[in-house]
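Every number here is computed from the coordinates shown, using simple stated rules; none is lab data. Only a predicted model underlies this, so the values are computations on that prediction, with no experimental measurement involved. Backbone-built Cβ (ideal geometry, glycine too); neighbour counts: all protein chains shown.
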Amino acid sequence: MCGIVGYTGSEQAKGIILDGLKKLEYRGYDSAGIALQNKEGILVRKKQGKIADLEAFIKGERLVGTTGIGHTRWATHGVPSDLNAHPHTSSDGEIAVVHNGIVENYVELRNRLIEKNNIKFDTETDTEVIAKLIGVLHRQNGGNLEDAVYDAVKEMSGAYAIGVVSSNEKDKIVAYRKDAPLIAGVGNGCKFIASDIPALLKYVNDICLIENDEMVVCTPDEVKIYDSSRRPVKRDIMKVNWSIEDAEKGGYEHFMLKEIYEQPKAVEETLLRRIGDDGKIKLDGISLTAEDVKNFSKVYIVACGTAYHAGMLGKYVIEKMARIPVEIDVASEFRYRNPVVDEKTLFIAISQSGETLDTLAALREAKRCGARILSICNVVGSSVARESDDVFYTWAGPEIAVASTKAYTTQLVCMYLIGLYLADLMGTISKEYYDGIVRELMVMPAKITEALKRSNEIEELAKHLYNRTQVFFIGRGVDSAVALEGSLKLKEISYINSFAIAAGELKHGTIALMEPETIVIAIATQDYLFDKMYSNIVEVKARMAHVVSIAKEGNTKIEKESTETIYIPDCADEVTPILSVVPLQLFAYYVAKIKGEDIDKPRNLAKSVTVE
Ligand code: F6R
């Protein structure tokens, strides 16, 4: 999705803004641009393609200015092009605007500006409408930018964050947030705005979170925040403990590979924050009492994509351990379903970014119905986190690659911790079982490290399977949830058509697709389901499929019917997903690498999906 960066201070803004934009590349974009304020007015440069294309375009030009805004655009209204790229300007060129999100009533506003104000438009974008509207209001109010922005947003519906500069208000950036991410960065003698923290890490670690319907005004010396009634708001500064290295590749060829290898650390961090020295799970800051939990008639887990796959494990774990019925839904369906949710529902929203619009809308729907909201988020202070009653943070660190890996494994860890915690309060598991699963979790970081040591084997597998056009993933129980995640990883970065199905469902239709040499990745880690799974492998093998099995170390029986077998370290059935996903992530990575795909920024995808 689009990314916004703004800087005002005493240094030249161009390089700082471009640096910031590069750190937002992970969000996905198709064009980029900057606007600088200098004594000649507002200077805009924009280009379709990558930031490198914009840099090449402006190379050799002396673009001065110590205040400016920049943007990476992910096209929604109007094709990716130089013209449609942001910033857009007012008719007199005095005001420039960058924008993330969608203005839903832009056609109406556009028609009105054409009819009443005789405004001419060069593009089909909603952002140009914002720039022209602010321009008209700015002229009408005698040239006050803050007034013009306030008056404009009153007329705009939708979800958006905007950054605005004007040629006649030097050293000032005005920004507004409504349902799209926006933060301000606080430096000594310089201030920033941005869509996400990595854009600022090179320059500042002090951040102010901007809430919905707030305006932020940055000058080199201060950040002022106002609410929707223009009352000043006092906001504490939040210290971000991520380092710039966390947001850089650190010697790895791709962020995705780095993040796969960061999983032992990410899982360890998430565990250590929640498991005390006594081996008990502590949900500090989460105010669920035994009475609350006993009052819940059900749990509803809602998320999108990979986070939804983590939620599927949550269903298995919570139902098995706490014996509370769990429903699970993708957020885009839940919100329009008129779901059966009330004050006896514990609603769990899972979102790495905490900014996914569908998840946020589902959360609001559940809240409206009276549910108790617990969210699992990776980004501190994100919208999902802020709108929840309680937040369970994953400590994965910044996830930059579009394909989620370490956020997923930490989400799995949260599912176990929540399952055990609820079960303990419900009295549905024994102390031995509780302690046993905690022990299994605590050794996961070391076991993921073991699993990663097999990467050469998986790279070899990728070398001889990369040119296949179709891959099936099958599994039973928790393995069927991992199958979905393995399949998503493969399709999103390698563009191979892959498909996941509960193994027992195969014979109800899908087995018709098996042909000689069809690739079937069979996840067979559940001891109690092994015989069933083995029969499914035999079934596809009988149709001459090429079967790659994922099994626990020591389970050599599986080799008899498998073309290839990848082993994961031995562990309890319950926790295998944390390990079995690792070879699947590596397989997707190596296949995409051999095919020469853009692994960290796959086509048509964005990291943080802030539109519906
Ligand atoms: C896949 C992937 C997406 C996200 C989904 C939800 O690798 O990353 O499927 O999981 O868009 O995003 P969050 O977790 O930020 O809500």
0 to 90° range, to nearest 10: angle between helix 263-272 axis and the chain longest Cα axis = 90
request  = Specify the angular offset, from 0 to 90 degrees and rounded to the nearest 10, of the alpha carbon long axis of helix 357-368 from the longest principal axis of the alpha carbons in the chain.
outcome  = 80
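At 222 nm, what helix-only mean residue ellipticity would the chain give, in deg cm²/dmol to the nearest 500, using -39500 (n - 2.57) for each DSSP H run of four or more? Write out the running numbers ahead of the final one.
Numbers: 19 runs with 221 residues, N = 612.
The per-residue figure over the chain is -11000 deg cm²/dmol.
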task = Quick one, can you get me the convex hull of the C-alpha atoms of the chain expressed as volume per residue in Å³?
result = 158
key: Alpha carbon convex hull of segment 255-442, volume per residue in cubic angstrom   = 99
request  = Taking the Cα atoms of segment 468-546, report the difference between the largest and smallest coordinate on each principal axis, in whole Å and largest first.
outcome  = 34, 25, 19
message = Can you return the lysines within cross-link range of Lys282? Criterion is Cα-Cα under 20 Å, with same-chain partners fewer than 8 residues away left out.
response = Lys265, Lys294, Lys431
note = Counted neighbours (other Cβ, 10 Å), sorted fewest up, put Lys557, Lys23 in the order Lys557, Lys23
note = The value for segment 3-247 (convex hull of the alpha-carbon atoms, volume per residue, Å³) is 111
query = Out of residues 5 or more away from Ala500 or on other chains, whose amide H comes under 5 Å of its own, with H placed 1.01 Å from N in the peptide plane?
reply = Phe473
query = What angle, in degrees between 0 and 90 and rounded to the nearest 10, separates the Cα long axis of helix 145-155 from the longest principal axis of the Cα atoms of the chain?
reply = 60
ask   = What whole number of Å gives the distance from the Cα centroid of segment 329-404 to the Cα centroid of segment 138-191?
value = 28
remark   = Along segment 176-183, Karplus-curve 3J(HN,Hα) (6.51, -1.76, 1.60; θ = phi - 60°) to the nearest Hz, with x for Gly and Pro, reads 9, 10, 9, 6, 9, x, 7, 10
ask   = Considering amide H positions built from the backbone, and no H for Pro or chain starts, which residues 5 or more places from Thr518, or on another chain, come under 5 Å of its amide H?
value = His546
message = Taking loop as defined by DSSP and a crowding limit of 11 other beta carbons within 10 Å, which GluC sites (Glu not before Pro) in segment 20-90 fit?
response = Glu40, Glu61
query = Taking amide hydrogens as modeled 1.01 Å from N in the peptide plane, which residues meet the under 5 Å criterion relative to Asp82, leaving out close sequence neighbours?
reply = Gln48
ask   = Mind checking which aspartates and glutamates have their C-alpha under 14 Å from Lys489, skipping anything on the same chain fewer than 8 residues away?
value = Glu259, Glu597, Asp598, Asp600
Shape box of segment 455-595 [Cα atoms, principal axes, largest first, Å] = 38, 32, 24
message = Compute the orientation-averaged projected area for segment 1-139 from the convex hull of its Cα atoms and round it to one decimal in nm².
response = 8.0
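Of Met544, Met312, Met533, Met238, how do they rank once you tally other Cβ atoms within 10 Å and put the fewest first?
On the way: Met544 12, Met312 21, Met533 24, Met238 16.
Ordered from fewest to most neighbouring Cβ atoms within 10 Å, Met544, Met312, Met533, Met238 come out as Met544, Met238, Met312, Met533.
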note = The alpha-carbon pair-distance distribution computed for segment 63-208, with 10 angstrom bins and whole-percent values, is 11, 43, 35, 10, 1
Cleavage-rule hits (chymotrypsin sites (Phe, Trp or Tyr not before Pro)) in segment 276-370: DSSP loop, at most 16 neighbouring Cβ within 10 angstrom = Tyr336
task = Could you go through segment 187-192 in sequence order and give the Karplus-derived ³J(HN,Hα) for each residue, using 6.51 cos²θ - 1.76 cosθ + 1.60 with θ = phi - 60°, rounded to whole Hz, and x for Gly and Pro?
result = x, 7, x, 8, 9, 9
note = Computed ³J(HN,Hα) along segment 477-485: with the Karplus parameters 6.51/-1.76/1.60, θ = phi - 60°, integer Hz and x for glycine or proline, the list is x, 4, 5, 6, 5, 5, 4, 4, 5
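Rounded to a whole number of µm²/s, how large is the Stokes-Einstein D of segment 123-210 at 4 °C and 1.567 mPa s, given Rh as the Kirkwood radius over C-alpha pairs?
Details: Rh = 14.1 Å.
The estimated diffusion coefficient comes to 92 µm²/s.
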